[in-house]
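Worksheet: one structure, shown below.
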Amino acid sequence: MATEIRTPFEEQSAAARSARPQVRPRTEGWQQATDGDGRPLLQFASPKRGKPPVHLADMTTEEREAAVVALGLPKFRAKQLATHYFTHYTSDPAKMTDLPAAQREQLVQGMLPPLLTETRRLATDKGDTIKFLWKLHDGALVESVLMRYPGRITLCVSSQAGCGMNCPFCATGQAGLTRNMSTAEIIEQIVRANAAIAAGELGGDPRKGGQDRVDAERVTNIVFMGMGEPLANYKRVMDAVRLMVAPQPSGLGMSARGITVSTVGLVPAMLKLADEGIPLTFALSLHAPDDELRDELIPVNSKWKADEAIDAAHNYYVKTGRRVSIEYALIKDMNDHAWRADLLAEKLNKRGKGWVHVNPIPLNPTPGSVWTSSEVHVQDEFVRRLNAAGIPTTLRDTRGKEIDGACGQLAAAE
Ligand code: SAH
C-alpha cells in the first residue's frame, strides 16, 4: 500500500496547478451542433424513422412460437430456427435441412429478415482486428470492431446509428444521432462476427497459451463502445444483453461478466442498471474529474455533474459487487495535468477502497480535431500518481487505429 503524503488539491498553489498550459476544448475546423440556447446539442430521443423489420431476436420465446404458428407451422419450428441462428450463426435457408423444404424460405423471410448488409470490411495487417461497416434497412450506417486477444475474442458493438451526446473529441458524436438500433440489430452484429470467426476469417493465433488443441471459437466478450450511447437506448440494449446471456439456443449463452456497458454518465439509467440483477461490467467515461473542464468536454455534464456520475458508478459497485472502470482519454495539455490525476484519486478514494480502477487511454485522432494525445511521459506520470494513491490504473491498449477502428474513431462513412 502506498503511504506517500500528498498535498490535497485544495491546498496546492494556483501556480503549481497551472504550471502546464490549460488547453480548452474548443473545436477548430468544424462546428459543434448547438441547441436554441447556443449550448452543445444533446439528443436523447431517437429521430422517427421507418422501424427495422421485426426479427426472431426481437421476440420472447412465446412470441417466436406465435409468429411461427401465424406462418402456418407448428410451434416447435421456432426452437429449430433459434438453434440455427444462435448456435450455428446462420440465416441461410439452404443450410436448414431439418426444416421442411417447401416452407423454409417463407419461414426465414418472416423470422430472420436481413438486418445488416456488410458494406465494407477493413482488417489490420495481422488480421487479428476487423472493422465491419454495416448498412441497416433504411440506409443508416454503423460499425463494429472484432479483436482477437490471447484467450478471448472481443466485439465492440454499436447501440445507435450515430450518437446524440456530442462529445467534441469523438468522431461518432460529430454527426449527431440518426436513430436507435433495434435489439435484433444489436444482436446481429455478434451473430455475424461469430459467423466470420467460424469461417476462419479472423486472423491471429487461436491457440490458448501454448495448447495445440483449438476449440470452436466465438465472441467471448462484448463492449458497448462502438457507436452510440447505450444507456440512451436503454430498453433495446437491455433486451439485447438478456439475449446475450440466455442459454443457447434461446440466446447466445455468453457470460454477463464479459459484457461491458460504457456510458458518458446518464445517472438515472446508471441507477436503474445497478438494480437489474445482471452482473455486467460497468464503465464510466469520465475524462475530467472537475466540472469546469468536464462541462466543456462532455456536454451531458450540464445535466449530471462529475460527482453525481461518480456516485452512480460507486452505487453500481455497492449494488452488484462488480468493480467498475473509469475511462479517461488523455488529451495533451487539456485533461492530463498531474493535479487532475490527484483530484481524481481523491474523489475515488473518498468513496471507498477497491471499488474502481482507472483505464486511461491516449486520445485517438479524429478528423478535424486539433487535439492530440498526451506525451508518453505525461501519460506515465498520470498513471503513476493514481497507482501511488492506491487506485489500480492501467493504460488501455488501443487497437485498430490504422483502420480508424479505435475508440472514438467510428464515423461510418462509405
Ligand atoms: N457512449 C459511450 C460508449 C462509446 S465510446 C461512452 O461514451 O462511454 C467508448 C469509449 O471511447 C468512451 O470512453 C469514449 O469516451 C472513448 N472515446 C471517444 N472518443 C475517443 C478518442 N478520440 N480517443 C480515445 N477514446 C475515445
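Please treat every number below as a calculation from the coordinates, not as lab data. Keep in mind the model is a prediction, meaning the values are calculated, not measured. Because the Cβ atoms are built from the backbone with ideal geometry, glycine has one as well, and the counts that use them run over all protein chains shown.
Extension gain, Val318-Gln103: 0.36 nm per intervening residue step, less the Cα-Cα distance, totals 72.2 nm.
Restricted to Cα atoms, region 103-247 shows a radius of gyration and a Dmax of 16.1, 51 angstrom. Between Ala246 and Leu252, Gly253, Met254, the built amide H atoms are under 5 Å apart, and every one of these is 5 or more places off in sequence or on another chain. Region 338-364 and region 311-334 have Cα centres lying 8 Å from one another.
Using Cα pairs closer than 8 Å and at least 6 residues apart in sequence, work out the relative contact order for region 115-403, in percent. After rounding, I find 14 percent.
Based on DSSP H segments of at least four residues, each scored -39500 (n - 2.57), the chain has a per-residue ellipticity at 222 nm of -9000 deg cm²/dmol.
Of the residues Pro21, Thr320, His287, the one whose Cα sits farthest toward the positive end of the charge dipole of the chain, with +1 on the Cβ of Lys and Arg and -1 on the Cβ of Asp and Glu, is Thr320. Positive end of the dipole of region 56-111, charges at C-beta (+1 Lys, Arg; -1 Asp, Glu), about the Cα centre: which of Pro74, Leu56, Ser91 has its Cα farthest in that direction? Positive-most Cα among the choices belongs to Pro74. Annotation note: trypsin sites (Lys or Arg not before Pro) in region 33-119 located in DSSP loop regions with a Cβ neighbour count of at most 14 within 10 Å are Lys48, Lys75. Greater than 20 Å separation of Cα atoms is the criterion. Which listed pairs, Lys235/Lys272; Lys95/Lys131; Lys235/Lys401; Lys131/Lys401; Lys48/Lys272; Lys319/Lys350, meet it? Beyond 20 Å: Lys95/Lys131; Lys235/Lys401; Lys48/Lys272. For Asp37 and Lys272, a Förster radius of 45 Å and the Cβ-Cβ distance give a FRET efficiency of 0.95, rounded to the nearest 0.05. For the chain, the alpha-carbon coordinates run over 80, 56, 42 Å along the three principal axes, in decreasing order. With the biggest extent put first, the Cα atoms of region 266-414 measure 40, 39, 28 Å across the principal axes. Looking at the chain alone, DSSP beta bridges between its own residues are antiparallel in about 50 percent of cases. Rounded to the nearest whole Hz, the Karplus-based 3J(HN,Hα) values (6.51 cos²θ - 1.76 cosθ + 1.60, θ = phi - 60°) of region 67-78 follow the sequence 5, 5, 4, 4, 8, x, 10, x, 5, 5, 5, 4, with x at glycine and proline. Computed about its Cα centre, the charge dipole of region 56-111 is approximately 160 debye, with only Lys, Arg, Asp and Glu carrying charge at their Cβ. The Cα center of region 161-184 and the Cα center of region 385-406 differ in position by 23 Å. Taking the convex hull of the alpha carbon positions in region 56-111 and averaging its projected area over all directions gives 3.3 nm². Helix 101-111 and the longest principal axis of the Cα set of the chain meet at an angle near 30°. When only the Cβ of Lys, Arg, Asp and Glu is charged (+1, +1, -1, -1), the dipole of the chain relative to its Cα centre reaches about 760 debye. Ordering of 180-190, 279-289 by packing is 180-190, 279-289, highest average first (other Cβ atoms within 10 Å, averaged per residue).
Taking the longest Cα principal axis of the chain as reference, the axis of helix 234-245 is set at about 60 degrees.
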